[in-house]
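Colleague: Starting off with a structure, shown below.
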Amino acid sequence: MKAPYAWFYCAPDIDNFQTFLNYLVHSLKNLNAEFGEKSLELASSLSDLISKDEENSINAVIATFVNEFTSVFEKDEYLVIDDLHNLGSPSWLSSAFNNLVESFPANLHIIITSRTTPDFNTAKLSAKRNLLRIESGDLNFDPEETEKLLNEIYGISHSRDDLNVLEDRIEG
């Protein structure tokens, strides 16, 4: 059975919470078109206030987002947030994720890809064993795996020096 998922690519031009939320909601709308209107409406009504009282405004929007999510989605849903590092580390992003982590819906599973470690609190997720971190070192091939790949999959003949050069160039 294929799990339902939505994909959200973090383009480098996303520079505020309102735009981030808009993209996030529209990604999830691909799973259920009824989702997100209340969240977007509240964020729009608070747009001027967000710059003055970022923490409380974002908290209110995230609370609405979570309530709306739990009322619209009954089954497990997966959201891939791709290239989060493109957004940098603005305070609104940390605030949004920290608030989301506080009231995380049990049926929402978020997969984040990033070249840097996100700047929000993941300790609570780790403590509840709700966080799996796969870092680049975990994905690297060791020399034996590289040799097996070249021999068995690609059928490429090579010397030990070739393997060493390859290992140095691609760093695993």
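The values are calculated or read from the model by the stated rules, or taken from the named source; none is laboratory data. Nothing here was measured: the structure is a model prediction, and the numbers come from that model. Please note: Cβ atoms are built from the backbone with ideal geometry, for glycine as well, and neighbour counts cover all protein chains shown. Accessible surface areas use protein heavy atoms only, side chains included; no ligands, DNA or RNA. Shrake-Rupley method; radii C 1.70, N 1.55, O 1.52, S 1.80 Å.
Colleague: Within segment 45-58, track down each residue that is buried (at least 18 other Cβ atoms within 10 Å of the Cβ) and either within 20 Å of the chain's Cα centre (by Cα) or among the hydroxyl-bearing types (Ser, Thr, Tyr) (or both).
Modeller: Within segment 45-58, Ser57, Ile58 qualify.
Colleague: Still on this structure, I have one more. Just checking, which of Ser71, Ser44, Ser27 is of a type in the set (Ser, Thr, Tyr) and within 16 Å of Trp92 (Cα to Cα)?
Modeller: Checking each option against the conditions leaves just Ser44.
Colleague: From the set of residues in segment 5-24 that are open to solvent by 50 Å² or more (accessible area, probe 1.4 Å) and either hydroxyl-bearing (Ser, Thr, Tyr) or assigned to a loop (DSSP other than H, G, I, E, B) (or both), which is farthest from Pro90 (Cα to Cα)?
Modeller: Tyr5
Colleague: Further question: Could you tell me whether any residue of segment 36-57 is touching a helix residue (DSSP H, G or I) at 6+ places or on another chain (Cβ under 9 Å) and in a loop (DSSP other than H, G, I, E, B)?
Modeller: Yes, that holds for at least one residue.
Colleague: Hey, among the residues in segment 25-49 that are hydrophobic (A, V, I, L, M, F, W, C) and touching a strand residue (DSSP E or B) at 6+ places or on another chain (Cβ under 6 Å), which one's nearest to Thr116 (Cα to Cα)?
Modeller: Filtering segment 25-49 for residues that are hydrophobic (A, V, I, L, M, F, W, C) and touching a strand residue (DSSP E or B) at 6+ places or on another chain (Cβ under 6 Å), the one nearest to Thr116 (Cα to Cα) comes out as Leu28.
Colleague: Output the helices (runs of 4 or more DSSP H) that fall wholly within segment 77-172 and possess 2 or more residues being exposed (fewer than 12 other Cβ atoms within 10 Å of the Cβ), or say none.
Modeller: Ranges flagged: 123-127, 136-139, 143-148, 160-170.
Residue-wise test of (1) touching a Pro at 6+ places or on another chain (Cβ under 7 Å); (2) in contact (Cβ under 8 Å) with a residue 24 or more places away in the chain; (3) not polar (S, T, N, Q).
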position	(1), (2), (3)
Leu79	no, yes, yes
Ser95	no, yes, no
Ala106	no, no, yes
Ile111	no, yes, yes
Pro118	no, yes, yes
Ser126	no, no, no
Phe141	no, yes, yes
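Colleague: Take the conditions of a type outside the set (Phe, Trp, Tyr), open to solvent by less than 10 Å² (accessible area, probe 1.4 Å), outside any loop (DSSP other than H, G, I, E, B) and closer than 17 Å to Asn107 by Cβ and apply them to Leu28. Does it pass?
Modeller: yes
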